Amino acid sequence: MLRGAVAIFRRDFKKFLSTPIALFMTLIFPIMYLVIFGNAIGGSITGIPLGVVQEQPYITPTPLYLAGREALSLYHQPDKPALFSIRAFSSEGAASQALGLGEVSGYVVFPSDVAPNRSTKLYVDSSEYTVPALIQSSVAVVLVQLGAMGPLYVDNVYGTIDYLQFFGVGVIVMAIFMTTMMGGGIALIRDRELGIIEGYLVTPVKRSSIILGMIGSGTVRAFLAGFLIFIVDIVVAGVIVRTPEQFLLVVTVLFMTSIGVTSLVVALASRFSNQQEYASSIAFFNLLLFMTSGAFYPVIGMPDWLRWVTVINPEAYAVHALRSIIIRGQGLSVVGTDLVALLIFTIGAILLGIATFKRTLE
Amino acid sequence: MPPPAQESIKTPGLSLMATEGSMGEKRPDQEKSRSIIRIEHLSKVFSAHQVVVAVDDVSFDVMQGEIFGLLGPNGAGKSTLIRILTTLMMPTSGRAIVDVYDVTKDQEKVRGVIGVCPQNSSLDLELSAYDNLDFFGRLQNLNEDTIKRRVWELLEMVGLSDRADAKVSTFSGGMRRKLEIVRAFIHRPLLLFLDEPTIGLDPESRREVWRQISLLNTENTTIILTTHYMDEAEKLCDRIAFMDQGRLIALDTLKQLQKTIPGGEKIEVGFVHFNDAVIDAIKSHPEVRGVEVKGGKVHISSQQGTSLLPAILDDFERYSIGVTTLSIRHPSLEDVFIHLTGKDFGERDAPVVGPSRRVP
């Protein structure tokens, strides 16, 4: 009985050791999980861009404004760098505009004279997770320390946003990445292993048609997955799309993301020789992209090295674009950068996909 | 089987026939004997890890309308040759013309006139029988009506019309094989390549597949068949090419190949009591190569067994020897192969050469 068990043990172990990529991924995966997950979520939030402005009519800076600006810029949690990165505005209008463009996460309006009972106002970008609450409590603490007598009015500019709404938008993008990387890529590798793709090659169908057909079907599949979650978000999480232009923008982002990811997967699936290696690599890749996308925790809370990943992570741009459109109701002026980034990614991925897949056809 | 063109291995000299009257789709039937494949000094050398000559200076022609068998042990170069002819691989040197198209230059044209049924099934198991055929019809750029008609025609042909909507994964090995063969035939190709069409099938399914192949051949399609099985080649092929270690070692009709073995025909005559004098009488026939007496039987090896038999029986009668049993055995392809290579078919398994199927 034991001999049989040992034989099976040996066989399994031999196979395990003979696929280096899978082996590497199996061992490194939990460690990366720890590092990325831990840093992406547990990281302390610092350097929140916060605006300060003195109420109109503006004559000279009041002591409260000067003291408040100073105190806010120095405010920090124990043993951490400053919580805020302060930007002073000359008028409320300019501050409001900066908030609308997402340049600051909120701004404090100090009263224009020192009479008691004059209130201080805080406008805060409520679409982020944990950041608004942090701003609000910290500003309140600073005001108390300064002995400001008047009350603090808080204005959540995008209303109260549930975590479900915040997270739901990220899941749209995640759905696109997941379906394509898991479903599409593995199906492609299996087709290749079974010789089905070689079967195409002895028919008069053109090489370019094969690639076009594959990217096309994958894109539509990914788009439908994303769109389905979008509908679920509307129904369950209660997000709203305000105008036809915004709907069109959402569709554009979904489509560009879908075609880019599909092309990327075609490229990756062409390079991996078996399903196991592909699956373990892609699981890691998926985690990294998703964690650093800001889909379920603000990017601002991540350490610098992870934030660099965010900069080259197409998923982050897609999440940011969707959140801007759906939750903040912003338009092309804000998501323009995201669209350009996605466009670069998509074109790059298509070229890479075509080049890599063509090589496997030769 | 129709009497095939008697052509042994030789480099085709000044044959100009391939270029005439074959432009476009209209192909005159009367040109039965034009060559549909011309291979001239074709070689394929793999040099990835070590240099392996998979195909070594091979030249031959395949005539239109014949069933052409390509035989040889594993690693003989059959699959490589097929891959070159089906444009999946480029030759290192030499030339191969399929119909009127060069396989290295007009790849897409070549793909339009061939049908390929690979050794490893490439059916989509998750699709139905109908969808599999329909899909290939579309890849072959047939129009909708033609596809519909052809698919039903072909399903009818293989007796799967009632299973048209069933997933291929529910089919038996024989059903899948037949489906795959007719799939390669959906666009009525001039040439059908079948790589080991009956590998792994039970005897009944093999006979079914053979019937299928003969049937397709009657539609004026040339069939190139690679096989391990000697009986398959004997049953189906008009001409047979033997490959071994990348070289073409023989090419002829079965009858001619059998004749190449001196004394290949074995006649056995059983007797009750024996008279030695008859041996000299038998030996006096010029066709006889050897005579042996053992186990109550006279074993005669000869060149022309069938025509010699009456004369042998006369000899026995003359010496009043009672004949109890009589058998005549023609040399099998296996005998031919052993004769040509000096070795048994099975024991010559060379290491599999080159990327026979690449999974990059």
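We did not get these values from a lab; they are worked out from the coordinates using the rules stated. As the structure is a computational prediction, the values presented were derived from the model and not from experiment. All Cβ positions, even for glycine, are placed from backbone atoms using ideal geometry, and neighbour counts span all protein chains on display.
Looking at B:V269, B:V293, B:V278, just one residue is over 34 Å from the mean Cα position of the chain (by Cα), more than 16 Å from B:D335 (Cα to Cα) and either charged (D, E, K, R) or in a strand (DSSP E or B) (or both), and that residue is B:V293.
Quick check, is A:I215 in a helix (DSSP H, G or I), more than 14 Å from chain B (Cβ to nearest Cβ), touching a residue at least 12 places away in the same chain (Cβ under 8 Å) and farther than 30 Å from A:S138 by Cα? Here the answer is yes, as A:I215 does meet what is asked. Filter segment A:218-229 down to the residues that are crowded, with 20+ Cβ neighbours inside 10 Å and not hydrophobic (A, V, I, L, M, F, W, C), then identify the one that is nearest to the other protein chains (Cβ to nearest Cβ). Among residues in segment A:218-229 that are crowded, with 20+ Cβ neighbours inside 10 Å and not hydrophobic (A, V, I, L, M, F, W, C), the one nearest to the other protein chains (Cβ to nearest Cβ) is A:G218.
Determine, yes or no, whether A:L332 is out of contact with any strand residue (DSSP E or B) (no Cβ under 6 Å at 6 or more places or on another chain), more than 29 Å from A:I211 (Cα to Cα), in contact (Cβ under 8 Å) with a residue 24 or more places away in the chain and not acidic (D, E). Yes.
Checking each residue in segment B:111-135 for being within 7 Å of another protein chain (Cβ to nearest Cβ) and part of a helix (DSSP H, G or I) picks out B:R111, B:G112.
Within segment A:196-212, the set of residues being touching a Gly at 6+ places or on another chain (Cβ under 8 Å) and more than 9 Å from chain B (Cβ to nearest Cβ) comprises just one member, A:I211. Given the condition surrounded by fewer than 24 Cβ atoms within 10 Å (Cβ to Cβ), more than 9 Å from chain A (Cβ to nearest Cβ) and closer than 22 Å to B:T198 by Cα, answer yes or no: does some residue in segment B:81-93 qualify? For segment B:81-93, residues surrounded by fewer than 24 Cβ atoms within 10 Å (Cβ to Cβ), more than 9 Å from chain A (Cβ to nearest Cβ) and closer than 22 Å to B:T198 by Cα: present. Sub-8 Å Cβ pairs linking a first residue in segment B:321-334 that is more than 22 Å from B:F242 (Cα to Cα) to a second residue that is loosely packed, with under 14 Cβ neighbours inside 10 Å and of a type in the set (S, T, N, Q), at least 6 apart or interchain, are B:I321/B:N275; B:I328/B:T306, ordered by first then second residue.
Within the set B:L248, B:L257, B:L309, the sole residue that is surrounded by 15 or more Cβ atoms within 10 Å (Cβ to Cβ) and over 30 Å from B:L194 (Cα atoms) turns out to be B:L309. B:D315 meets each of the listed conditions (1) surrounded by fewer than 18 Cβ atoms within 10 Å (Cβ to Cβ); (2) touching a helix residue (DSSP H, G or I) at 6+ places or on another chain (Cβ under 7 Å); (3) over 21 Å from B:T260 (Cα atoms) apart from (1).
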